[in-house]
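Here's the structure, in structure tokens; my notes come after.
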Amino acid sequence: MSSMENQTQARRANRRASAILKAVASFVVIVATTYLGLLAVTFFIGRVVPIDPVLAIVGDRAPAHVVERTRIEMGFNLPYYQQFYLYVKGVLQGDFGTSVLTTNPVMADIRRVFPATMELATVGTIIGAAFGIPLGVLAAVKRGSLADQIVRIIGLIGYSVPIFWLGLLALLVFYARLGWTAGPGRIDVVFEYTFTPITGFYLLDAVLNRDWAAFKDIFAHIILPASLLGYFSLAYISRMTRSFMLNELSQEYIVAARAKGLSETRIIWGHALRNAAVPLVTVIALSYAGLLEGSVLTETVFAWPGLGLYITNSLQNADMNAVLGGTIIIGSVFIALNLFSDLLYRLLDPRTRIR
Amino acid sequence: MSTLLHVEDLRVSFPTRTGVVEAVRGVSFALGQERLGIVGESGSGKSQTGRAIMGLTPQQAEIKAKRLEFSGIDLLKASQAERRALRGSRIAMILQDPKYSLDPVMTIGRQIVETLRTHEKVGKSEARQRALDMLAAVQIRDPKRVYDLYPHEVSGGMGQRAMIAMMLIAGPELLIADEPTSALDVTVQLDILRILDRLVIDRGMGLVFISHDLRLVSTFCDRVIVMYAGKIVEELKASELSQAKHPYTQGLLNCMPKIGESRHPLPVLDRQPEWLL
């Protein structure tokens, strides 16, 4: 009897292991093909845009033989498939070439600017989710009420007002007039020599250094652009939360929860939102990715030394390596976030878990 | 036999864009520790009657009654909080399909414990033990395993047992079962009914059994109310069903096929417009 039970258990464990293996394998295949697609697109863009990377380096007054020599040095005489192979090989080793503008390897530049963007987007997403989810829940629970209308209008404004205009307005009001926040940039110049970045995420670095004066200053700098990005993602998150919540609140298990005598608070936050959280995770992850790539305008307005500003500057100076490198990084983050939200999805929804 | 539930002239109406729709139009009955069946077709108001007793009618609906009383408590005058305290602890309801009426992201055990701990102050380990006992009481063979399963991992019959366990754990005196077996396989239906029957008798509960299945209701209940268009058209003892006087009830009875009988043409329910009045 017990040996039979053991056998069934062993068989079940076996089946589980092979199912997990299969899932991991399909994950790897999906990520690899998506990444290859991303590289192909960026490579293609790099070759078809009317910017000559050779001229960008040697300048437009270089003699013909110099141009020709540089072209061969850079491998542009090779057939496209070989170029693509070398490109992929370089990228996989973290080599995006050298930036014409800064003369640094593109990877080193990105390592410097990307944490700034990521920090901004992270704080922005936290703000967006912290306010967007409760507002969406409120709108769904009080559907059709004044509160619902107000949340709708807040969302509509966040969604339709251009973020650069809102940014300038915010700077004018909160920095120039009221003086509540710090101005453009990440940190005040007085900290330039005393503050040493460790991770590149300044808020975290200030905590690690126990430099509370710097922390306060960094916070005063980040709060305005992050609130702005947060408002933008709040608009989206609150709308999606509302519609997911309405869907959940109309389910039969909510009637059952009421029949059990649970309080409305428990029903809304413990049951309905817990179920709505499953699709919401994907929405928040994608909105986070959207902030990472879409902060170009915000970074320009707030002189935020992040990836958006870096790409914009590179683009204006025909620095193709830097632009493509930045694009690949953003693409990679997109893929990673998708993967992450997929994993989180499994964690939140037992129906998608492998048993 | 003391009377548990008094319903007198219960009316449930919904305001809609085209006017007020009356789902329940003057239903009256009294219930003791007995099994009362409410039968009717879709839209006859049988479910809305049950939900009005539970206090689970949608907000926009209007409920009127001369009397709606549960063991001396006037349900119409009771506050929201008072009614909520009754739900689950003294009046409970079993819904139709366990696939939809159990929270998909919460384990079965936690959902049962949740009912208990809402109404009684019990510690975690005691609550768990009582939930396991309750699962055993609904004849689940391996309560410890089922306790940690999610609703999608169990069959319909098992899910409905879990539903019954979840609703009965706080020991209600009145149970409203709204089509509790309609979503289940015929073979499982009888198991569930047997479990329900046993628990109702053992615990001395009153039962309102809502169904569209006259045959099922007549074998399972003591008394049957037949509803049509929001009104009671006939009330009779289950054993005297064959002596039904109302033509609608007779029509329902005639729809049931008998073995060895060939009927051409098949009888069709006739609905007289004057019954709507």
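Structure summary
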{"read-out": "Chain A: calculated mean residue ellipticity at 222 nm from DSSP helix runs of at least 4, using -39500 (n - 2.57)", "value": "-24500 deg cm²/dmol"}
{"read-out": "Debye intensity ratio in log₁₀ form over the Cα atoms of the stretch A:191-282, taken at each q of 0.16, 0.22 Å⁻¹", "value": "-0.75, -0.98"}
{"read-out": "Per-bin percent of Cα-Cα distances, the stretch A:205-355 [10 Å]", "value": "10, 25, 28, 22, 11, 3, 0"}
{"read-out": "When the convex hull of its Cα atoms is projected in every direction, mean area for the stretch A:40-153 (nm²)", "value": "11.8"}
{"read-out": "On Cα atoms only, tilt of A:64-73 relative to the major axis of chain A in degrees", "value": "40"}
{"read-out": "Distance cut-off 34 Å, percentage of C-alpha pairs in the stretch A:106-352 lying past it", "value": "25"}
{"read-out": "Sorted by Cβ density within 10 Å, fewest first, the residues B:HIS264, B:HIS246", "value": "B:HIS264, B:HIS246"}
{"read-out": "D (Stokes-Einstein, µm²/s), Kirkwood Cα radius, the stretch B:234-274, 1.567 mPa s at 4 °C", "value": "112"}
{"read-out": "Normalised convex hull volume, the stretch B:68-132, alpha-carbon set, Å³ per residue", "value": "121"}
{"read-out": "Cα centre as origin, Lys/Arg/Asp/Glu Cβ charges: chain B dipole, Debye", "value": "460"}
{"read-out": "Protection proxy ranking of B:214-222, A:170-178, A:132-140 - average other beta-carbon atoms within 10 Å, highest first", "value": "A:132-140, B:214-222, A:170-178"}
{"read-out": "Chain B: most fluctuating residue of B:VAL188, B:VAL20, B:VAL12 per GNM, C-alpha cutoff 10 Å", "value": "B:VAL20"}
{"read-out": "Fewest-first ranking of A:VAL106, A:VAL283, using other Cβ atoms within 10 Å as the exposure measure", "value": "A:VAL283, A:VAL106"}
{"read-out": "With 20 Å bins from 0: P(r) over the protein assembly as shown, alpha-carbon pairs, percent", "value": "15, 35, 28, 17, 5, 0"}
{"read-out": "Antiparallel %, DSSP beta bridges [both residues in the stretch B:5-259], to 5", "value": "55"}
{"read-out": "Label-to-label distance, nm, for residues given as B:ASP270 and B:THR16 (7 Å Cα→Cβ offset)", "value": "2.8"}
{"read-out": "In the stretch A:190-265, trypsin sites (Lys or Arg not before Pro) in a DSSP loop with at most 12 other beta-carbon atoms within 10 Å", "value": "A:ARG210"}
{"read-out": "Cα centroid of the stretch A:86-102 to Cα centroid of the stretch B:134-167, whole Å", "value": "59"}
{"read-out": "Under-5 Å amide H pairs with B:MET227, H placed in peptide plane, nonlocal only", "value": "B:VAL39, B:GLY40, B:VAL233"}
{"read-out": "Low-density loop positions, trypsin sites (Lys or Arg not before Pro), the stretch B:140-203 - DSSP coil, at most 15 other Cβ in 10 Å", "value": "B:ARG141, B:ARG203"}
{"read-out": "Computed FRET value (nearest 0.05) for A:ASP95 with A:THR194, which takes r as the C-beta separation and R₀ as 35 Å", "value": "0.55"}
{"read-out": "Per-pair calculated FRET efficiency, R0 = 41 Å: A:ALA108 and A:ALA64 via Cβ, rounded to 0.05", "value": "0.80"}
{"read-out": "Beta bridges per DSSP with both ends in the stretch B:109-262, % antiparallel, nearest 5", "value": "55"}
{"read-out": "Rule-of-thumb Rg ratio for the stretch A:218-271 [Cα; 2.2 N^0.38 Å; N residues]", "value": "1.70"}
{"read-out": "Whole-Hz ³J(HN,Hα) from phi, Karplus 6.51 cos²θ - 1.76 cosθ + 1.60, for the stretch A:211-225, glycine and proline x", "value": "9, 6, 5, 5, 4, 4, 5, 5, 4, 4, 7, 7, 4, 6, x"}
{"read-out": "Counting DSSP beta bridges with both ends in the protein assembly as shown, the antiparallel % (nearest 5)", "value": "60"}
{"read-out": "Neighbour cut-off at most 13 other Cβ (10 Å), DSSP loop, GluC sites (Glu not before Pro), the stretch B:199-277", "value": "B:GLU261"}
{"read-out": "Globularity index of the stretch A:70-134, i.e. its alpha-carbon radius of gyration over 2.2 N^0.38 Å", "value": "1.73"}
{"read-out": "Pairwise Cα inverse-distance average, inverted: Kirkwood Rh of the stretch A:112-162 (Å)", "value": "12.4"}
{"read-out": "Reciprocal of mean inverse Cα separation for the stretch B:44-168 (Kirkwood radius, Å)", "value": "15.8"}
{"read-out": "Cα centre as origin, Lys/Arg/Asp/Glu Cβ charges: the protein assembly as shown dipole, Debye", "value": "1060"}
{"read-out": "Between the stretch B:1-79 and the stretch B:86-121, the Cα center-to-center distance that results, in Å", "value": "22"}
{"read-out": "Residue-by-residue Karplus 3J(HN,Hα) for the stretch B:235-252, coefficients 6.51, -1.76, 1.60, Hz, glycine and proline x", "value": "10, 8, 6, 4, 6, 9, 4, 5, 9, 4, 9, 5, x, 5, 4, 4, x, 4"}
{"read-out": "Karplus 3J(HN,Hα) series, Hz, for the stretch A:89-100 with 6.51 cos²θ - 1.76 cosθ + 1.60 (x for Gly, Pro)", "value": "4, x, 4, 5, 8, x, 10, 9, x, 10, 6, 5"}
{"read-out": "5 angstrom amide H check on A:ASN104, placed H, neighbours 5+ away", "value": "A:SER99"}
{"read-out": "Orientation-averaged projected area, Cα convex hull of the stretch A:1-59 (nm²)", "value": "5.2"}
{"read-out": "Under 5 Å, built H, 5+ apart or other chain: amide partners of B:ILE176", "value": "B:ALA92, B:MET93, B:ILE94, B:VAL208"}
{"read-out": "Gyration tensor (Cα) of chain B, equivalent ellipsoid semi-axes in angstrom", "value": "32, 24, 17"}
{"read-out": "Unit Cα scatterers, Debye sum, the stretch B:137-219: log10 I(q)/I(0) for q = 0.23 Å⁻¹", "value": "-1.24"}
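Where a number appears in this text, it was derived from the coordinates with a stated rule and is not lab data. The shown structure was predicted, so the numbers you read here are calculated from the model rather than taken from an experiment. Backbone-built Cβ (ideal geometry, glycine too); neighbour counts: all protein chains shown.
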